[in-house]
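See structure below.
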Amino acid sequence: MLAALIHDCGVSSANRFTDLVAFECTEPDDHCIVGNAYLQGVPMLTRYADLVRHHHLTWYEGPPEDCAPGWTRLAANLIYLADRLDVLLTVTGARPVIQEAEGLVAILSGHAGTLFAPAHIDALRLATRDDTFWTGLAREPLQAWLDEELSHIPDTAMSARDLFPVAHLFARIVDAKSTFTAQHSLGVAALGQYLAEALNLSTGQRDGITLAGLLHDIGKLGIPDDILDKPTALTAVEWRTMQTHASMTEQLVGTMLGDHPIVSWAAAHHETPCGDGYPLGLSGEQLSIEMRIIAAADVFQALAQERPYRPAVPLERILDQMSVLAAANRLDARVVSIFQRDPLAAWECAVNPMVRVTPATGCRSTERRPEMAMTVSA
Ligand SMILES: [Fe+2]
Ligand SMILES: [Fe+2]
Ligand SMILES: [Fe+2]
């Protein structure tokens, strides 16, 4: 079940996803390879990497040499069958119309022994005789079933460091949603860590800021690609839609970390000291130093990167713009002053973050740091 939940982690662009929603898509390999590579970097998910790699493997193709035979082949092919059924439901818009059920099962059965393992088709025929199979595919019962299944996984006490591999995975998925945001979350995490070190914050704060940087834009997964990649000014409605990513970040990170302060550090990255930011319009003392660091790192990294509506901004002009924002009380002046001390070091964090932030350690140093405990909900 867990492998099926993350089987398409290698594709976050809606445009690419649209290509895959064709019953016999011709070039599925790239997202399988990317998903496999992502999961290889996350120790707690590595066991699912082979299944993700082979979830478009047809039954007659058999296992390639690098694919473990037996269970992996069967399980990957089962995910493939479920995936294709979902594609048929999406394409026909049939969900959850029971009148379509027979026809859908007939289409899939026609591929027994070629695309799908015969035993899987037998199981599908058996399961789909019961109408509750189809009614259970509607959004609400499906979510309820999933919540029930996940509730059996016990909450786990983890440190920020323990979460770096998973947060790194999420950051890569978010950053891959648009070519213009490649490495943005990683860059914000690296810059945040750099600023926290320069300001002599505690090790717990540094690790938490790194985690918040990795996760700060996770809410963008819910924003349409055509808004994220729009080369011209957004309309008022599009801008409102874009702004919702901050509160979606709060919801998603909150699902993982409960009421841990890191949730608000991530969600407040568009708030400003003067109070004209979003989503809450926080100001002054409502903004912690951690929030101010993430906000400044976010602006610096975004300016250092090409956007659909402008090229990357040269370092000197980034420093000028950061100073203007600090003077207007829209960024924290003390945090911005750190960029002026060693601009090239900050630039390096922004454009080459993997040197500093890795999935294994989350930070440049391999020394063991005191950890900040939190409880992670399944
Ligand atoms: Fe897929
Ligand atoms: Fe953002
Ligand atoms: Fe951002």
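Where a number appears in this text, it was derived from the coordinates with a stated rule and is not lab data. None of the values given here were measured: they were computed from a predicted structure. Neighbour counts are summed over all protein chains in view; Cβ atoms, including those assigned to glycine, are modelled from backbone coordinates with ideal geometry.
Trp239 to Thr58: FRET efficiency via 1/(1 + (r/R0)^6), r the Cβ-Cβ distance, R0 45 Å, to the nearest 0.05?
On the way: r = 45 Å, r/R0 = 0.99.
With a Förster radius of 45 Å, E is 0.50.
Placing unit charges on the Cβ atoms only, positive for Lys and Arg and negative for Asp and Glu, gives the chain a dipole magnitude near 780 debye about its Cα centre.
Working note: Karplus 6.51/-1.76/1.60 with θ = phi - 60° gives the stretch 279-296 the couplings x, 10, x, 5, 7, x, 5, 5, 9, 6, 4, 5, 5, 5, 5, 4, 4, 5 Hz, where Gly and Pro are set to x.
Highest first, please rank the peptides 265-272, 217-224, 316-323, 166-173 by the mean number of other Cβ atoms sitting within 10 Å of their residues. Don't jump to the answer; show the numbers that get you there.
Values: 265-272: 25.5, 217-224: 19.6, 316-323: 15.9, 166-173: 23.6.
Going by the mean number of other Cβ atoms within 10 Å, highest first, we get 265-272, 166-173, 217-224, 316-323.
Each part gets one Cα centre, and for the stretch 71-137 versus the stretch 166-242 those centres are 37 Å apart. Taking amide H as placed 1.01 Å from N in the peptide plane, the amide H of Ala112 sits under 5 Å from none that are at least 5 places away or on another chain. A helix-only calculation puts the chain at -17000 deg cm²/dmol for mean residue ellipticity at 222 nm, using -39500 (n - 2.57) for each DSSP H run of at least four residues, averaged over all residues. Amide H contacts of Arg307 (H built 1.01 Å from N, in plane; Pro and chain starts excluded): Ala312 sit under 5 Å, all sequence-distant by 5 or more or on other chains. Taking the chain as a Gaussian network of alpha-carbon nodes connected by springs under 10 Å, the highest mean-square fluctuation of the residues Thr232, Thr179, Thr210 belongs to Thr232. Backbone geometry of the stretch 189-194 corresponds, through the Karplus equation with coefficients 6.51, -1.76 and 1.60 at θ = phi - 60°, to 3J(HN,Hα) couplings of 5, 5, 5, x, 5, 4 Hz, x marking Gly and Pro.
Note on the chain: with a GNM built from Cα contacts shorter than 10 Å, the maximum mean-square fluctuation among Tyr194, Tyr48, Tyr309 falls on Tyr309.
Look at the dipole of the chain built from charges on Cβ: of Leu228, Asn352, Leu57, the Cα furthest out on the positive end belongs to Asn352.
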